[in-house]
Amino acid sequence: MTQDFYQKSIEQVVQMCKTDLNKGLTDDVVREKLKREGFNEFAKKKHTTLWQKFIAQFKSFMIIVLLVAAVISGITGYMNGEGVTDAIIILSILIVNAIIGVFQEAKAENALDALEKLSAPHCKVVRNGEHKVIASRELVVGDIVEIETGDSVPADLRLVESVNLKIQEAALTGESLPVEKDTAAIQGNVPVGDRTNMAFSSCSVTYGRGVGVVVATGGQTEVGKIAAMIQSVPDMRTPMQIRLDKLGKALAVISLVVCFVIFVIGLCYGRGLMDMFMTAVTLAVAAIPEGLPAVSTVVLALGVQRLAKQNAIVRNLPSVETLGSTTVICSDKTGTLTQNKMTVVECYPSASERILTIGSLCNDTTQGADGELIGDPTETALVAFAEQNNLLQRNLEAAMPRVSEIPFDSERKLMTTLHRKDEHTLLVATKGGFDELLSRCNRIADSEGNVRSIEESDLKALAAVNEAMAQKALRVLCMAYAETSIAAEPDAGQLETLTANAERDLIFAGMAGMIDPPREEARVAVEQCKAAGIKPVMITGDHKITASAIAQSLGIMSTADKVLTGSDVEKMSDKELRGIAGSVSVFARVAPEHKVRIVEAYQKLGNVVAMTGDGVNDAPALKLANIGVAMGITGTDVSKEAADVVLADDNFATIVQSVREGRRIYDNLVKSIQFMVSTNLGEIVLLLVAVLCNFDMPLLPIQLLFINLVGDSLPSLALSVDHAARNIMNRKPIDPNRGIFTKPFTTKISIQALIIGGLTIAAYLIGLEHSIGTARTMTFGVMIFSQLTMIFSIRSGNNWFTERFFSNRWLWATIVLVTALTLLVMLVPAMQSLFRLTSLTAAQWWIVAGLSAGVLALSEFFKLFTRNRE
């Protein structure tokens, strides 16, 4: 295990891995190890098959109830010689709903597959005494691997050689700065981030070179262990899934109770057993909104498509709705809230040409073909800063070529380069840590360029500046220089002597403070999150001071908020962590297992938690969170595999748009549910009154099915694409523990159901004066047209129905379509016969129109009593 190897000497590691530092492993040994240990890759969760995705669409309670209703409807229809049309239509709706869900999930998977990039596909090894380049997946324990600047570490290595080696471990530990590596054994147990003699899989080399022995591959690497942690985390159900299940159960209970009551009452009136059984089945069909699963699936699918255009790839449909219920966003710092790019933000005494020149010359940064700066982040920051001030590194190097150097090492904490300034002058450029560099200086260059001896007051002033920069979480690099004479053509001895004495009697030029700066769009996103009642929390492996400074600059942390470190979390019980979590805005120096505990703490406080991140160390928490959001470009494969949503542009601000879309989806789903449930309950009121009064059934099963599928489902679909409310991001998140049937919601649908039921009963009684056929036809017409008027009252919420009256063109198109289909059924003789309707007189048509408009008028009237209370 890698946790032991960092404590061993190089000789012990070589012996334990049964290898040879000079010759490496033989091909025979490699083949044997591959058979025994497997390839250097960890098992990813396999994509589910299309058939598994299809079956998964039928697991909600409401879908199961509808399947049972379809089967019963089919059996009774067949027994009574009425056919199985109703059952086929219900099943067709459910199948279409499932196909839409499968299509969207498969589409998301394909998009993610396109985003995945292979990390360290090839590497350099020593085998059979020869240097080779092989596929990284073929590595085994004991292989000798060579790494250098720009390489991705292909497996966990115990370093046996390190030359100025620095490795960027942000993806694993969250630490934004590269870690300096050495080969010395480490005493005692230390966390991953402090194992300086190890190089970990998936991390990248930013400086220097090294050689290491492979001590772990695949699932045994630190990355692999985190991947295994992901597999053990259970999938979380979304708030809307829970709410729809509760709704389905509530509707099922209501329908069963009402069916039983009506069945008993009918028998008491002396009606036949089979007749009442069919009536009960009719009521069950009326009570359950067949189109609701399809509507919920379509509205989520449309939301997914809208987000895809904004670079947010949603892996499964319900996830986007969960964003709308989010109450806490736990975000990684490096690369998510920050740019993952060190930037010079402050210079002392000023950004003079001298400081910029030293920073660019005493620098090993190179430029790629596309102009991208390649190298250590602190060095690339200095070059970029000089370029911003119109001083190009390549021009400086051409004018003052490097003739010698003293490379950086962790003991001196200095780097020095020597450059020929002119034929007889040598420029010494040095950069390094404050104390280390200042001890090599005996002079100072002031802001006007004058050089004088350093005095005690200078030392105090410089120390104060250094401390002030450190308090701002800036990484400080100091610059110094000197000029000395050199022969036009110096011999090796003179150059060696000059180099050996280069770091003496230097002139202090100044210092540069740099930081991995916050993303500007992240600052705006944090403001919007707070306005929306969402608590942003930073969780990072970085240091406490740095994390706090970034959090304050982004607006995540206020003066009253607390900061906890990983060691603080380690000492707390789960109960203690829950008790303090509400007042904490920053968690610093945390390990992956800490992130999981933090997410769990917020969840147990009743929060819907979103976790954003891009590193391997984020993956377990991404999986556990109610909604995991990974970065598509800089994100590791492990983090994307664990996430629910992947941001293709790595833009944190996209999450705010996702939250907005999630809230819009929730609002529109609630509108659709309110519309479908209130109209279906209106049908129950109609049928219940008819049975209690011993009337003939006012609507037949085929008529009810047309009403539910055409009059309910189509307008609901149009309602589901309604525009977002103007204040949607200025209100608190929906309580995840609050069901759909709140007191105000129940009051609304009850009033609307009674209105629809009452006015359709009036239509039935008026038509009954002529004939049962006329009564059913008028009831049929009022039931459908009243839904088309009621929808305007529902979509406007507590406002009057004229609010944004013409803003939803799809709704108006649907109203025209439903009206046309209804008139087709009511006016065309062949359709009248199929649906058992009759022709109406002009007066009867006016009554139908008046009663339908009356539904809207009464619904708006009752808003006078409910809007103030709500």
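The values are calculated or read from the model by the stated rules, or taken from the named source; none is laboratory data. Bear in mind that the values here come from a model prediction, so they are computed numbers and not experimental data. We place every Cβ from the backbone using ideal geometry, glycine too, and count neighbours over all the protein chains shown. Side chains included, ligands, DNA and RNA excluded: accessible areas come from the protein's heavy atoms. Shrake-Rupley method; radii C 1.70, N 1.55, O 1.52, S 1.80 Å.
Key figures for this structure:
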read-out: Residue count for segment 330-348, restricted to those that are modelled with pLDDT of 80 or more and open to solvent by 50 Å² or more (accessible area, probe 1.4 Å); value: 5
read-out: Of the criteria (1) open to solvent by less than 20 Å² (accessible area, probe 1.4 Å); (2) assigned to a strand (DSSP E or B); (3) modelled with pLDDT under 95, which one THR484 fails; value: (1)
read-out: Pair list, Cβ < 9 Å and 6+ apart or interchain, from segment 488-516 residues that are open to solvent by 20 Å² or more (accessible area, probe 1.4 Å) to residues that are acidic (Asp, Glu) and part of a loop (DSSP other than H, G, I, E, B); value: ALA488/GLU423
read-out: Qualifying residue in segment 319-329 (condition: out of contact with any strand residue (DSSP E or B) (no Cβ under 6 Å at 6 or more places or on another chain), open to solvent by 30 Å² or more (accessible area, probe 1.4 Å) and under 30 Å from ARG664 (Cβ atoms)); value: no
read-out: Filtered residues of segment 527-549 (kept if β-branched (Val, Ile, Thr) and modelled with pLDDT of 90 or more); value: ILE534, VAL537
read-out: Check on ILE515, in contact with a helix residue (DSSP H, G or I) (Cβ under 8 Å, 6 or more places away or on another chain), of a type outside the set (Gly, Ala, Ser) and closer than 26 Å to LYS732 by Cα; value: no
read-out: Residue selected from segment 795-816 under the condition surrounded by 12 or more Cβ atoms within 10 Å (Cβ to Cβ) and within 32 Å of the chain's Cα centre (by Cα), by the criterion modelled with the lowest pLDDT; value: GLY797
read-out: Test for GLY368: is it at positive phi and either without any contact (Cβ under 8 Å) to a residue 12 or more places away in the chain or under 36 Å from the mean Cα position of the chain (by Cα) (or both); value: no
read-out: Count of residues meeting criterion [closer than 16 Å to LEU495 by Cα and either open to solvent by 60 Å² or more (accessible area, probe 1.4 Å) or touching a residue at least 60 places away in the same chain (Cβ under 8 Å) (or both)] in segment 403-440; value: 17
read-out: Positions within segment 517-531 being open to solvent by 70 Å² or more (accessible area, probe 1.4 Å) and β-branched (Val, Ile, Thr), in sequence order; value: VAL524
read-out: Considering residues of segment 732-777 that are modelled with pLDDT of 85 or more and part of a loop (DSSP other than H, G, I, E, B) only, the residue nearest to TYR666 (Cα to Cα); value: PRO733
read-out: Segment 385-396, residues that are open to solvent by less than 40 Å² (accessible area, probe 1.4 Å) and either under 31 Å from the mean Cα position of the chain (by Cα) or of a type in the set (S, T, N, Q) (or both); value: GLN393
read-out: Test: residue in segment 557-580 that is closer than 29 Å to ARG195 by Cβ, among the hydrophobic types (A, V, I, L, M, F, W, C), open to solvent by less than 10 Å² (accessible area, probe 1.4 Å) and part of a strand (DSSP E or B); value: no
read-out: Per-region count, segment 368-425, residues part of a strand (DSSP E or B) and of a type in the set (Lys, Arg); value: 3
read-out: Breaking point among (1) open to solvent by 20 Å² or more (accessible area, probe 1.4 Å); (2) under 21 Å from ASP516 (Cβ atoms); (3) touching a residue at least 24 places away in the same chain (Cβ under 8 Å); (4) not small (Gly, Ala, Ser), for MET400; value: (2)
read-out: Count - residues of segment 1-37 that are modelled with pLDDT of 90 or more and outside any helix (DSSP H, G or I); value: 13
read-out: Sole residue being surrounded by 15 or more Cβ atoms within 10 Å (Cβ to Cβ) and of a type in the set (D, E, K, R), chosen from LYS460, LYS535; value: LYS535
read-out: Which numbered condition ALA351 fails, given (1) part of a loop (DSSP other than H, G, I, E, B); (2) surrounded by 24 or more Cβ atoms within 10 Å (Cβ to Cβ); value: (2)
read-out: Selected residue (only one of VAL599, VAL659 is modelled with pLDDT of 85 or more, crowded, with 24+ Cβ neighbours inside 10 Å, under 19 Å from the mean Cα position of the chain (by Cα) and farther than 18 Å from LEU300 by Cβ); value: VAL599
read-out: Segment 444-457, residues that are open to solvent by less than 40 Å² (accessible area, probe 1.4 Å) and not in a loop (DSSP other than H, G, I, E, B); value: ILE444, ALA445
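To keep it simple, each residue is scored yes or no on (1) free of Cβ contacts under 8 Å to residues at least 60 places away in the same chain; (2) within 19 Å of LEU686 (Cβ to Cβ).
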site	(1), (2)
SER796	yes, no
ALA813	no, no
VAL825	no, yes
PRO829	yes, no
